[in-house]
1. Using alpha-carbon pairs under 8 Å, 6+ residues apart, how would you state the relative contact order of the range 47-168 in percent?
2. Once the other residues with Cβ under 14 Å from the Cβ of LEU4 are scored (Lys, Arg +1; Asp, Glu -1), what is the net sum?
3. Grab the DSSP H runs of the chain that are 4 residues or longer, score each as -39,500 (n - 2.57), total them, divide by all residues and round the 222 nm result to the nearest 500 deg cm²/dmol.
4. Please give the charge dipole size of the chain, origin at the Cα centre, charges +1 on K and R Cβ atoms and -1 on D and E Cβ atoms. Round to the nearest 20 debye.
5. Treating the angle as unsigned and between 0 and 90°, give the value, to the nearest 10°, between the Cα long axis of helix 135-148 and the longest Cα principal axis of the chain.
6. Please build a GNM for the chain, connecting alpha carbons under 10 Å apart, and tell me which residue among ALA120, ALA67, ALA155 fluctuates the most.
7. For LEU92, LEU159, what's the fewest-to-most ordering of other Cβ within 10 Å of each Cβ?
8. Name the most mobile residue of HIS94, HIS152, HIS81, meaning the one with the largest mean-square fluctuation, in a Gaussian network model of the chain with Cα contacts below 10 Å.
Amino acid sequence: MVVLPVPEALCRECRLCCRFTDRDILTPWAVRPGGGDPLPALFRPPAPLALHPGTGRMDLPVLVCDALRPESGRCGFWGEHPADCRLYPLLLVHRDGGFLLALDPDCPFALRESPAFFVAFAERFRETEWLRLTPAEADRIRPLARGEDRPHYRAVLPLPEPGLSRSA
Ligand code: SF4
Ligand code: SF4
């Protein structure tokens with residue numbers, strides 16, 4: 001499984017990920033309403049995932065993923081965590097009728113690497129994981145990918161429909 005190599009030290013400083021203010025958006029697909037089984041295996045963690053209340057700042061409520069280990073600040077499913085977590089700050093979105101990988105410029109790592117770095121990683125994901133999905137699995141994640149998109153996400157790599165030949 002491919003994991004985008006965001007430096008651990010950077011995430012420890014930033015601490016934005018794995019904490020959420022809204023259960024319905026920007027959370028792992030595995031915990032969103034309608035996001036449970038039968039998600040494709042690559043989007044499912046090895047055990048059920050849940051959100052629990054955490055400590056917020058500035059009176060904002062915060063939900064924390066229960067796979068986040070408080071002592072280490074690391075993901076308890078690391079290496080097997082859901083594809084939408086493994087790809088971030090790339091996001092799988094559905095825009096203008098097709099899937100694509102886009103980059104979230106709000107992640108500090110998105111500004112540290114060149115566009116070519118993210119294109120190369122996106123191509124690796126396309127070849128090793130995306131093209132293994134079945135058309136039915138793609139249909140399952142399509143509405144989640146539609147809901148994932150935000151206008152400021154930068155397109156990185158269009159993805160073909162799984163199950164269709166690339167010349168189609
Ligand atoms: S937003 Fe980026 S740098 Fe911050 S915790 Fe998430 S992946 Fe790490
Ligand atoms: S599964 Fe792991 S990487 Fe994904 S939100 Fe939970 S703790 Fe973070």
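We did not get these values from a lab; they are worked out from the coordinates using the rules stated. No experiment lies behind these values; they were computed from the predicted model shown. All Cβ positions, even for glycine, are placed from backbone atoms using ideal geometry, and neighbour counts span all protein chains on display.
1. Numbers: 140 pairs, mean separation 29.8, N = 122.
It rounds to 24 percent for the range 47-168.
2. Details: positive: ARG86, ARG112, ARG124, ARG126; negative: GLU8, ASP84, ASP104, GLU113, GLU123, GLU129.
Residues near LEU4 contribute -2 overall.
3. Working: 5 runs with 45 residues, N = 168.
Counting only the DSSP helices, I get -7500 deg cm²/dmol.
4. Working: 21 positive and 22 negative charges, 19 e Å.
So the magnitude is around 100 debye.
5. 50 degrees
6. Taking springs between Cα atoms under 10 Å, the residue moving most is ALA120.
7. Values: LEU92 23, LEU159 20.
Placing the least packed residue first, the sequence is LEU159, LEU92.
8. HIS152
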